[in-house]
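Data block below; observations after.
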Amino acid sequence: MTADLPHAVARLRATRLARSVKPFLARGGPKGERCAGCRLVPTHCICSLRPDVSTRAGMCLLMADIEPLKPSNTGWLIADVVADTFAFGWARTEVDPTLLALLSDPQWQPYVVFPSAFAESQRVVHNVAHEAHKRPLFILLDGTWDEARKMFRKSPYLQNFPVLSLHPEQLSRYKLRRAQSEAHFCTAEVGAMCLDLANDTQAATALNAYFDVFTEHYLKAKQQLPVDLGDDLHLRLQTATHSA
């Protein structure tokens, strides 16, 4: 049952698989198997490395149709780290009532995370308000760049929220799919930047480190090479997870 799954992205994936006309096949181990908890092949599983940190911010993932099914999707990593992660499949002609209820919940201050060039100037912000009675809720459009732009343009229920425009100094570290530009960041990288702006500093550091470990395990699995659990990437994740 989907209620037994660990987080919102896992539940969305199960729902999407249930309505698939044909099986979604992702490359895996000798028999195509993948861990249900992290989507990696069992020999390179990272479930035991999942960070346990607290956050005040929440994440709302609007996911393109097959995005939850892709083992390379990094929105899953956000849901592993941020307890208050919500995930919804996006469709142009309909919207989940649960999503609308979330966006109108007074405990949250939603921010649509998207480049300023695509929004009216009066909607654009570069910082997060720190209010005692409202928690930041970051709305991330999870898909290819073309899919994300479509979601931004064709989701009228997002039009009244501020658009948070990020200006990172570094280039993307994402290596699992080809991006149209090195300036385009994957969902987990964007999520970590948002957490940092929300003063969830430990969670931001942990998510960045967890993303790097996931990437390392994913690529080593493709190359059929072992991982070194004592290397700098894994030690950085341990430090980030256990720091005060």
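The values are calculated or read from the model by the stated rules, or taken from the named source; none is laboratory data. Values in this document were obtained by computation on a predicted structure and should not be read as measured data. Glycine gets a Cβ as well: all are built from the backbone with ideal geometry, and neighbour counts include every protein chain shown. Protein only, heavy atoms only, side chains kept; ligands, DNA and RNA dropped before computing areas. Shrake-Rupley method; radii C 1.70, N 1.55, O 1.52, S 1.80 Å.
Amide H contacts of ARG135: TRP108, GLN109, each under 5 Å away and 5 or more positions distant or on a separate chain (H built 1.01 Å from N in the peptide plane; Pro and chain starts excluded). Within the chain, DSSP assigns beta bridges of which about 5% are antiparallel (rounded to the nearest 5). Once the Cα-Cα distance is subtracted from the 0.36 nm per residue extended length, the SER54 to VAL125 segment shows a gain of 23.0 nm.
Quick check: at a probe of 1.4 Å, how many percent of the accessible area of the chain sits on carbon and sulfur atoms? Write down the numbers at each step before the final one.
Details: 6750 of 12850 Å².
With neighbouring chains kept in place, the figure for the chain is 53 percent.
Using heavy atoms of the protein chains and a probe of 1.4 Å, the accessible area assigned to TRP90 is about 40 Å². Considering only VAL81, LEU49, PHE152, and ranking their Cα positions along the charge dipole of the range 41-168 that arises from unit charges at the beta-carbon of Lys, Arg, Asp and Glu, the one farthest toward the positive end is PHE152. Does a label point 7 Å from the Cα of GLN159, set along Cα-to-beta-carbon, have any residues of the range 101-138 with amide nitrogen under 19 Å, and which are they? Counting backbone N atoms under 19 Å from the label point, the list is 101, 103-104, 110-125.
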